[in-house]
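J.: Submitted below is the structure of interest, expressed as structure tokens.
All of the numbers you see were taken from the coordinates with simple rules; none came from a lab. The model shown is predicted, which means the values in this text are computed figures rather than measured ones. A quick note on method: Cβ atoms are made from the backbone with ideal geometry, for glycine too, and the neighbour counts reach across all protein chains shown.
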Amino acid sequence: METEEPYFSIVMPAYNAGRYVGEALRSITAQTFGDYEIVSVDDGSTDNTLTLLREYAEREPRLRVLAMEKASGSAFMPRNRAMAEARGEYVVWIDADDYVDPELLRKIRRRIEETDADIVYNRMIWMEDGKETRCLPAYDVDITRVYPGRDMVWMTLLDWRVGTGGCAIRRSLALDTLAKRGTSLRAMNADEIFTRYFLLEAEKVAFTDACYYYRMSETSVTHAVRPAYFDRLESNRLLRRLAAEEFGEDSGECRLARLQEYYQWMDYCIDYCGRQRVGRDIKKEVRERLRESLRHIDMKTVEEESGVMKRRLLSAGLPVFLGWLRVRDRIKGFLTIE
């Protein structure tokens with residue numbers, strides 16, 4: 001049934017998702033629980049995404065369509081605008097190039113009734129060329145339990161062991177957290193930082209077994225190789241500071257955050273050396289970002305994790321490390337970071 005203030009507000013940022021937005025919307029309107037609205041915000045798409053959204057809204061009264069004045073380059077800003085416009089008790093994140101299980105909302109609602117959870121996560125399944133390539137939460141996460149939000153933060157560090165696709169968040173908690181932390185963060189993956197902020201404020205986090213299908217789309221702002229692709233270098237520094245402030249420098253969370261900063265920096269060095277075909281026009285900027293991030297890596301953590309030689313190699317500076325990567329590439333034909 002539909003009410004003046006729906007139980008769920010589905011917030012849908014959209015950017016150049018014309019190929020997929022119809023499937024996303026059909027998966028939502030096929031839900032077996034109908035007390036919801038959809039608030040979709042187009043982030044300056046250059047394809048027909050906005051046109052398709054508006055055409056769909058003419059047939060679907062629960063869909064409201066808004067448009068950013070200019071592209072933000074991140075799902076964070078249009079998602080925030082959608083949450084500000086939402087009226088539901090809970091907001092549910094669904095991206096315009098993904099799709100969901102028809103039981104998703106019904107299962108989330110039932111779990112909220114059982115647990116009074118502030119946040120509910122689902123199964124997040126990576127789809128590439130029509131095939132499942134990954135699934136979260138990790139196999140050892142007990143989805144029957146209810147977790148304190150702070151205890152969940154460590155599951156997001158170094159490697160994600162829970163998936164945020166299709167998650168439901170109590171709208172009052174989301175808006176209060178955004179007001180508390182500010183929304184000036186412009187990193188491409190700012191929503192990942194705020195996932196940790198939301199967890200820190202949540203008393204209860206629960207799970208369902210409903211499926212959210214995450215499409216590995218080359219047009220997604222997450223996968224485009226451009227300067228913003230390297231925003232995680234700065235975000236990881238912010239995450240390390242957050243872990244230190246909230247849990248302490250000697251905590252397991254802070255160690256995981258330091259390891260994440262170290263390993264992702266090395267991954268991006270590999271990208272710079274050609275794995276992701278970083279264009280000549282952005283290589284200078286990316287190189288500066290790599291050099292700046294190297295200054296913040298904790299060398300004690302490097303030595304503990306990878307040994308004295310790796311610490312000495314990184315301490316010699318970015319040109320030496322990049323040269324070493326290229327030599328290994330020529331000798332072995334592929335890059336292996338131990």
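J.: For the charge dipole of the stretch 8-215, defined by +1 on Lys and Arg C-beta atoms and -1 on Asp and Glu C-beta atoms about the Cα centroid, which residue among Leu199, Met155, Gly130 has the Cα displaced farthest towards the positive pole?
T.: Among Leu199, Met155, Gly130, the one farthest towards the positive end of the dipole of the stretch 8-215 is Leu199.
J.: How much mean residue ellipticity at 222 nm does the chain get from its helices, if each DSSP H run of length 4 or more adds -39500 (n - 2.57) and you divide by all residues, to the nearest 500 deg cm²/dmol? Walk me through the intermediate numbers first.
T.: On the way: 13 runs with 150 residues, N = 338.
It lands at -13500 deg cm²/dmol.
J.: How much net charge surrounds Ala243 when only other residues with a Cβ under 14 Å from its Cβ are counted (Lys, Arg +1; Asp, Glu -1)? Don't skip to the end; give the middle numbers.
T.: Details: positive: Arg150, Arg196, Arg237, Arg240, Arg241, Arg255, Arg258; negative: Asp151, Glu192, Glu245, Glu246, Glu249, Asp250, Glu253, Glu261, Asp298.
With Lys, Arg at +1 and Asp, Glu at -1, the net is -2.
J.: Could I ask something else about it? In which sequence would Cys135, Cys254, Cys273 go, from the one with the fewest C-beta neighbours within 10 Å to the one with the most? Before the final figure, lay out each step's value.
T.: On the way: Cys135 14, Cys254 23, Cys273 17.
Ascending Cβ contact count within 10 Å gives the list Cys135, Cys273, Cys254.
J.: Another question about this same structure. Asp129 versus Asp281, label points 7 Å from Cα toward the beta carbon: distance in nm?
T.: In this crude label model, Asp129 to Asp281 measures out at 2.9 nm.
J.: To continue, here is another question. Could you rank the peptides 235-241, 206-212, 138-144 by their average count of other C-beta atoms within 10 Å per residue, with the highest value first? Present the calculation step by step, with values, prior to reporting the outcome.
T.: Numbers: 235-241: 19.4, 206-212: 21.4, 138-144: 10.1.
Going from most to least packed, we get 206-212, 235-241, 138-144.
J.: In nm, to one decimal, how far is the Arg161 label point from the Val327 one, both placed 7 Å along Cα→Cβ?
T.: That separation, rounded to one decimal, is 3.8 nm.
J.: If you take the beta carbon distance between Thr46 and Lys180 as r and set R0 to 30 Å, what does 1/(1 + (r/R0)^6) give as a FRET efficiency, to the nearest 0.05?
T.: Working: r = 35 Å, r/R0 = 1.15.
Approximately 0.30, to the nearest 0.05.
J.: Follow-up. Using the Karplus curve 6.51 cos²θ - 1.76 cosθ + 1.60 with θ = phi - 60°, what ³J(HN,Hα) values do you get for each residue of the stretch 64-73, in whole Hz, with x for Gly and Pro?
T.: 10, 10, 10, 9, 6, 5, 8, 5, 8, x
J.: Give me the number: length gained by fully extending Glu23 to Arg312, i.e. 0.36 nm times residue separation minus the C-alpha to C-alpha distance, one decimal in nm. It would help to have the intermediate numbers written out before the result.
T.: Values: separation 289, 0.36 × 289 = 104.04 nm, distance 5.12 nm.
Result: 98.9 nm gained on full extension.
J.: Just check the chain against the gyration tensor rule for me: Cα atoms, a ≥ b ≥ c as the square roots of the eigenvalues, rounded for a/c under 1.5, and otherwise prolate or oblate depending on whether a/b exceeds b/c.
T.: Details: a/c = 2.07, a/b = 1.54, b/c = 1.35.
It comes out prolate by the Cα gyration axes.
J.: Along the charge dipole of the chain, Cβ charges K/R +1 and D/E -1, which of Ala228, Gly165, Phe321 sits furthest on the positive end?
T.: Toward the positive end, the furthest listed residue is Phe321.
J.: Here's another thing I want to ask about it. Cut-off under 14 Å on the C-alpha distance; same-chain residues fewer than 8 positions from Lys310 excluded. Which aspartates and glutamates are left, in chain and number order?
T.: Here the aspartates and glutamates satisfying the reach criterion relative to Lys310 are Asp298, Glu338.
J.: Moving to a separate point now. Note down the magnitude of the dipole of the stretch 29-100 about its Cα centre, charges +1 on Lys and Arg C-beta and -1 on Asp and Glu C-beta and zero elsewhere, to the nearest 20 debye. Mind showing how you got there, number by number?
T.: On the way: 8 positive and 14 negative charges, 40 e Å.
For this selection, approximately 200 debye.
J.: For labels at Arg241 and Val146 in the simple 7 Å Cα→Cβ model, what's the distance in nm?
T.: About 3.5 nm separates the two model spin labels.
J.: Which net charge results when you count Lys and Arg as +1 and Asp and Glu as -1 among the other residues whose beta-carbon is under 14 Å from that of Glu132?
T.: Working: positive: Arg123, Lys131, Arg134, Arg215; negative: Asp98, Asp101, Glu128, Asp129.
Once positives and negatives cancel, what remains is 0.
J.: While we're on this one: Pairwise over distinct Cα atoms, reciprocal of the mean inverse distance: report the Kirkwood radius of the stretch 227-332 in Å, one decimal place.
T.: Working: mean 1/r = 0.0695 Å⁻¹.
Answer for the stretch 227-332: a Kirkwood hydrodynamic radius of 14.4 Å.
J.: Now, a different point. Cα centroid distance between the stretch 250-301 and the stretch 55-80, in Å?
T.: So the separation of the two Cα centres works out to 33 Å.
J.: Provide the per-residue ³J(HN,Hα) series for the stretch 117-125, in order, calculated from phi with Karplus coefficients 6.51, -1.76, 1.60 and θ = phi - 60°, each as a whole number of Hz, with x at glycine and proline positions.
T.: 5, 7, 9, 10, 9, 10, 7, 10, 10
J.: If you count, for each residue, the other Cβ atoms within 10 Å and average over each peptide, how do 316-328, 105-117, 85-97 line up from highest to lowest? Mind showing how you got there, number by number?
T.: Values: 316-328: 14.5, 105-117: 18.1, 85-97: 22.1.
Ranked by mean Cβ neighbours within 10 Å, highest first: 85-97, 105-117, 316-328.
J.: Treating only the Cβ atoms of Lys and Arg (+1) and Asp and Glu (-1) as charged, compute the dipole magnitude of the stretch 8-215 about its Cα centre; round to the nearest 20 debye.
T.: Details: 29 positive and 34 negative charges, 64 e Å.
Dipole magnitude for the stretch 8-215 comes out near 300 debye.
J.: Cut-off is 10 Å between beta-carbons; in what order do Ile169, Ile270 appear when sorted fewest neighbours first?
T.: On the way: Ile169 28, Ile270 15.
Taking fewest neighbouring Cβ atoms as first place, the list is Ile270, Ile169.
J.: If you don't mind, there's one more thing I want to ask. Based on DSSP, what percent of beta bridges with both residues in the chain are antiparallel, to the nearest 5? Please report the intermediate quantities before stating the final value.
T.: Working: 13 of 37 bridges.
Roughly 35 percent of the beta bridges in the chain run antiparallel, per DSSP.
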